[in-house]
Amino acid sequence: MTLSEETKQLTSLRLRGQRIKARVTVYADEARRRAEAGLGAVDSRSLLTRLYELPVGVPVPLHALDAYSLRALRAAPPGVVDLDEVRGVAVRRLAPVARVELVLVEGSGWDEVVRSASQFGPFCTRGVVVPEGEANLDLLLLKARFYGVGVAVAVDGAPHSPHWLLEPAPYRPRRHSPAQWLFHEQAWRQLGPE
């Protein structure tokens, strides 16, 4: 798929303090489950950290949880976790609902756009879109290649704009974390039914 085809699938979001374009995959089963439960995005880092430690759909004995985790789970909105105090178990219901696949940062100034796109490295594939005639294009490509950031050029008035000059490096997470989950939940908040 070319970048010009991909741009039709992009949506505008504000993530990490920046206005960006992103391609997001939504997991329909979890979106449906959340809608039925009246639950939108869960963007409490503390709660996601506690939930991250629990398997989905598997009963966990309450005595295995520390007091802080129990307090966070008891305060969770409906649809996040089922607590059965009589049986003494907690069952996590919440699963990731969306995943940001690609982030594109638009702008000019090779140093600033690569720095802006690089902050998304722990979460997804990233690229920059610069206007045709960008000064210091060689420096931009050098720095972008080093950081794994793709570079695309937008040509005014061209039907197939933008197009990749440098493909972004594939996203390969070194580990999964509650911070990644939070990032994707923040994207869902802007996409979701709420």
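The values are calculated or read from the model by the stated rules, or taken from the named source; none is laboratory data. This is a predicted model, so every value here is computed, not measured. Neighbour counts run over all protein chains shown; Cβ positions are idealised from the backbone, glycine included. Heads up: the accessible areas ignore ligands, DNA and RNA and are worked out on the full protein's heavy atoms, side chains in. Shrake-Rupley method; radii C 1.70, N 1.55, O 1.52, S 1.80 Å.
Pick out the one residue from Val130, Val113 that is more than 30 Å from Pro55 (Cα to Cα), among the hydrophobic types (A, V, I, L, M, F, W, C) and more than 21 Å from the chain's Cα centre (by Cα). Don't jump to the end; show me each part of the working.
Details: Val113 fails: more than 21 Å from the chain's Cα centre (by Cα).
Result of the check over Val130, Val113: Val130.
Could you check how many residues of region 131-150 are touching a helix residue (DSSP H, G or I) at 6+ places or on another chain (Cβ under 7 Å), surrounded by fewer than 22 Cβ atoms within 10 Å (Cβ to Cβ) and of a type in the set (A, V, I, L, M, F, W, C)?
So the answer is 1.
I'd like to verify a number: residues in region 156-175 that are modelled with pLDDT of 85 or more, open to solvent by 30 Å² or more (accessible area, probe 1.4 Å) and of a type outside the set (Ser, Thr, Tyr), how many?
Residues flagged as modelled with pLDDT of 85 or more, open to solvent by 30 Å² or more (accessible area, probe 1.4 Å) and of a type outside the set (Ser, Thr, Tyr) within region 156-175 amount to 8.
Looking at Val128, Val153, can you tell me which residue is in contact with a Ser or Thr (Cβ under 9 Å, 6 or more places away or on another chain), farther than 18 Å from Gln180 by Cβ and either part of a loop (DSSP other than H, G, I, E, B) or open to solvent by 10 Å² or more (accessible area, probe 1.4 Å) (or both)?
Exactly one residue qualifies, and that residue is Val153.
Step by step: first the residues of region 97-118, then only those that are touching a residue at least 12 places away in the same chain (Cβ under 8 Å) and open to solvent by 60 Å² or more (accessible area, probe 1.4 Å), then the one that is nearest to Leu47 (Cα to Cα). Which residue is that?
Applying the filter and picking the extreme gives Arg99.
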